[in-house]
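The values are calculated or read from the model by the stated rules, or taken from the named source; none is laboratory data. No experiment lies behind these values; they were computed from the predicted model shown. Neighbour counts are summed over all protein chains in view; Cβ atoms, including those assigned to glycine, are modelled from backbone coordinates with ideal geometry. Accessible surface areas use protein heavy atoms only, side chains included; no ligands, DNA or RNA. Shrake-Rupley method; radii C 1.70, N 1.55, O 1.52, S 1.80 Å.
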Amino acid sequence: MTVSNLTSPAFRLEAITRPNILLLEPYRCARDFSVSDYKTGVLLDANENAYGPSVYTSDVASSKDPSRLIETDLIAGLHRYPDPHQEDVKQLLCDLRNAPNKGKSNIIPLTPDNLYVGVGSDECIDTVIRCFAAPGRDKMLTCPPTYGMYSVSAQVNDVEVVTVNLDLETKGFPLRVDKVMEALSNDSSIHLVYLCSPGNPTASLVDPESVKKILTHPTWNGIVVVDEAYIDFSPAGSSIAPLVTEYDNLIVMQTLSKAFGMAGIRLGASFASSPVTRILNNVKAPYNISSLTSTLALKALSPSGLSNMHKNIDAIVSQRARLLEELPKIPGIGNFIGGDASNFLLVQILDKPRGVPSSPTALRLYETLAVTKGVVIRYRGKEPGCVGGLRITVGTEEENTILLEKIKETLLEIYSS
Ligand SMILES: Cc1ncc(COP(=O)(O)O)c(C=O)c1O
């Protein structure tokens with residue numbers, strides 16, 4: 001396997017891949033690529049139902065109503081297994097992430113060979129562990145406070161988690177890159193580092209220079225995963241996905257669940273070098289992405305889908321600015337302890353107006369809002385560095401008006417009780 005110039009000299013993919021995965025002969029499904037695979041004609045090779053989908057109705061097929069076109073699109077062909085490789089979806093994802101670097105001759109563009117797509121990025125998170133950290137033997141490193149699924153997936157895979165907290169004393173929770181480097185120098189059984197940029201719940205971007213420092217660690221052999229689930233709420237050009245063509249030990253995960261507003265279709269993507277991607281694709285279930293998902297993903301990634309996405313991002317960014325301005329005017333609201341690079345904010349709740357951050361008060365506010373006021377946000381007071389912390393997703397203008405009103409009203413009730 002060839003290694004790109006910038007990758008750490010210590011990186012040896014074979015040495016960190018689970019031995020059973022290295023030996024794996026991937027399942028070849030009926031709709032796989034190969035000269036001997038056929039996608040049209042009398043298809044009697046995959047034990048599908050040639051009589052068609054049971055939800056098919058002739059009125060949908062013959063309808064001239066344009067609002068039913070999408071229904072027709074979704075139902076047609078449902079009796080056939082989906083494309084196992086999802087080349088069209090992958091190409092559009094590459095086009096999206098190549099766009100900022102178009103015309104730059106020094107940057108190798110992403111191609112579908114750099115992509116593995118999964119059932120949400122949650123599946124991608126798990127697949128990476130299943131490939132590169134052996135149960136009961138290897139470890140992975142996370143930087144709390146961070147997304148909870150990294151440690152859940154690690155536990156499911158019987159992979160120990162080593163933690164190096166983000167800098168809990170500094171606003172925005174920057175990465176303590178030297179501490180991470182040190183942990184990696186001291187423990188060669190750590191095969192994976194999971195970073196979240198922008199972080200959940202921190203809403204701060206990880207400095208790309210810090211990521212590059214880890215990627216070029218002089219002695220550590222492992223892979224850095226950067227989860228960019230919220231990247232499109234950050235300033236344009238913040239994604240480091242294009243770097244996977246330069247660093248063979250980098251995986252960048254993204255999802256259609258957030259900025260695209262398509263959480264229901266479950267589509268996540270992992271960008272990586274082609275040798276890493278090949279391993280991820282060998283392990284996946286043959287038809288993990290349904291035809292319903294890919295049909296809708298193609299629409300979301302089309303020019304009109306992207307234009308809708310950008311309109312929604314603009315609205316969210318402007319509502320985020322409104323919450324940043326309006327929330328601090330409410331007595332009992334403390335500091336924003338995270339950044340503002342995502343579609344949520346992390347704010348501290350005080351024990352009394354002009355008091356100190358208090359997790360019991362934050363918990364009481366969270367519970368009262370959810371149980372009696374119909375407003376559901378997330379309590380984060382138990383996370384490292386998040387005393388009194390609530391994570392608030394930016395809603396629509398109307399939702400945010402209700403949120404601001406209800407928080408003000410409930411804090412008054414709490415303080416006067
Ligand atoms: C940081 C982060 N990564 C991944 C996910 C999961 O995304 P998906 O819906 O693509 O599984 C979430 C969901 O909240 C998240 O916050």
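Which order do you get for VAL244, VAL371 if you rank them by accessible area with a 1.4 Å probe, largest at the top? Mind dumping the intermediate values first?
Working: VAL244 0, VAL371 120 Å².
Final ranking, largest accessible area leading: VAL371, VAL244.
Amide H neighbours of ALA133 under 5 Å, at least 5 residues apart or on other chains, H built in the peptide plane: list them.
Those qualifying (amide H under 5 Å, at least 5 residues apart or on another chain) are ARG18.
Which far-off residues, 5 or more places away or on another chain, put their amide H under 5 Å from the one on GLY118, with H placed in the peptide plane?
When sequence neighbours closer than 5 places are left aside, the close amide H contacts are GLY268, ALA269, SER270.
With 28 Å as the limit, write out which pairs from LYS139/LYS299; LYS258/LYS352; LYS104/LYS213; LYS90/LYS139; LYS102/LYS299 have Cα-Cα distances beyond it, or answer none. It would help to have the intermediate numbers written out before the result.
Values: LYS139/LYS299 39 Å; LYS258/LYS352 34 Å; LYS104/LYS213 23 Å; LYS90/LYS139 30 Å; LYS102/LYS299 23 Å.
Exceeds cut-off: LYS139/LYS299; LYS258/LYS352; LYS90/LYS139.
Using θ = phi - 60° and the Karplus curve 6.51 cos²θ - 1.76 cosθ + 1.60, what whole-Hz ³J(HN,Hα) does each residue of segment 228-243 get, with Gly and Pro shown as x?
Result, rounded to whole Hz: 9, 3, 9, 4, 6, 8, 8, x, 3, x, 6, 5, 9, 3, x, 6.
Return a whole-number percent for the relative contact order of the chain, with Cα pairs under 8 Å and 6 or more residues apart as the contact set. Walk me through the intermediate numbers first.
On the way: 764 pairs, mean separation 73.0, N = 417.
Here the relative contact order equals 18 percent.
Pick from LYS284, LYS139, LYS102: which is most flexible by mean-square fluctuation in a GNM of the chain where alpha carbon atoms under 10 Å apart are linked?
Checking each option, the largest mean-square fluctuation is seen for LYS102.
Where does the chain land at 222 nm, in deg cm²/dmol rounded to the nearest 500, when only DSSP H runs of n ≥ 4 count, each adding -39500 (n - 2.57), divided by all residues? Numbers along the way, then the final one.
On the way: 14 runs with 149 residues, N = 417.
After summing the helix terms and dividing by residue count, I get -10500 deg cm²/dmol.
Take the alpha carbon atoms of segment 173-252, find their center, do the same for segment 295-365, and report the distance between the two centers in whole angstrom.
24 Å
For GLU325, tell me the accessible area in Å² from a 1.4 Å probe, rounded to the nearest 10.
Accessible surface of GLU325 is approximately 110 Å².
Specify whether the C-alpha gyration tensor of segment 307-416 places it in the rounded, prolate or oblate class, a ≥ b ≥ c being the square roots of the eigenvalues: rounded for a/c under 1.5, otherwise prolate if a/b is larger than b/c and oblate if not. Display every interim value, and only then the final one.
On the way: a/c = 1.92, a/b = 1.55, b/c = 1.24.
The shape class here is prolate.
How big is the equivalent ellipsoid of the chain along its three axes, where each semi-axis is √(5λ) from the Cα gyration tensor, reported in whole Å from largest to smallest? Don't skip to the end; give the middle numbers.
On the way: eigenvalues 288, 186, 71 Å².
In descending order the semi-axes read 38, 31, 19 Å.
Mind checking which of GLY261, LEU403, TYR194 is farthest towards the positive end of the chain's charge dipole, using Cβ charges of +1 (Lys, Arg) and -1 (Asp, Glu) about the Cα centre?
My answer, from the dipole projection, is LEU403.
Along the charge dipole of segment 128-185, pointing to its positive end and built from +1/-1 on Cβ of Lys, Arg, Asp and Glu, which listed residue (VAL164, ALA133, VAL177) has its Cα farthest out?
ALA133
Over segment 282-351, what percent of the accessible surface lies on carbon and sulfur atoms, probe 1.4 Å?
Numbers: 1600 of 2880 Å².
Accessible surface attributable to carbon and sulfur in segment 282-351 totals 55 percent.
What Kirkwood hydrodynamic radius do you get for segment 191-256 when you take the inverse of the mean 1/r over all pairs of distinct Cα atoms, in Å?
Values: mean 1/r = 0.0829 Å⁻¹.
For segment 191-256, inverting the mean 1/r across all distinct Cα pairs yields 12.1 Å.
Average projected area of the Cα convex hull of segment 209-347, in nm²? List each step's numbers first, then the result.
Numbers: hull surface 44.1 nm².
That works out to 11.0 nm², a quarter of the Cα hull's surface.
Report LEU412's accessible area, 1.4 Å probe, all protein chains in place, as a number in Å² to the nearest 10.
120 Å²
State which helices in the chain qualify, where a helix is a whole DSSP H run, it must extend 20 Å or more along its own axis by its Cα atoms, and its mean Kyte-Doolittle hydropathy must be at least -0.5. Can you show the working numbers first?
Working: long enough: 303-326 (34 Å, -0.48); 397-416 (29 Å, -0.36).
Both cut-offs are met by 303-326, 397-416.
Suppose every K and R has +1 on its Cβ and every D and E has -1 on its Cβ; what is the size of the dipole of segment 297-398 about the Cα centre, in Debye to the nearest 20? Mind showing how you got there, number by number?
Values: 13 positive and 9 negative charges, 40 e Å.
Using Cβ point charges on Lys, Arg, Asp and Glu, segment 297-398 gives about 180 debye.
Can you give me the accessible area per residue for the chain, using a 1.4 Å probe, in Å²? Intermediate results must be reported in sequence, preceding the final value.
Working: 19630 Å² over 417 residues.
It amounts to 47 Å² per residue over the chain.
Run through the DSSP bridge list for the chain and note the antiparallel percent, rounded to the nearest 5. Could you put the intermediate results ahead of the total?
Numbers: 19 of 36 bridges.
Once the DSSP bridges in the chain are tallied, antiparallel ones form about 55 percent.
Could you pull the accessible area for TYR81 with a 1.4 Å probe, rounded to 10 Å²?
We get 100 Å² for TYR81.
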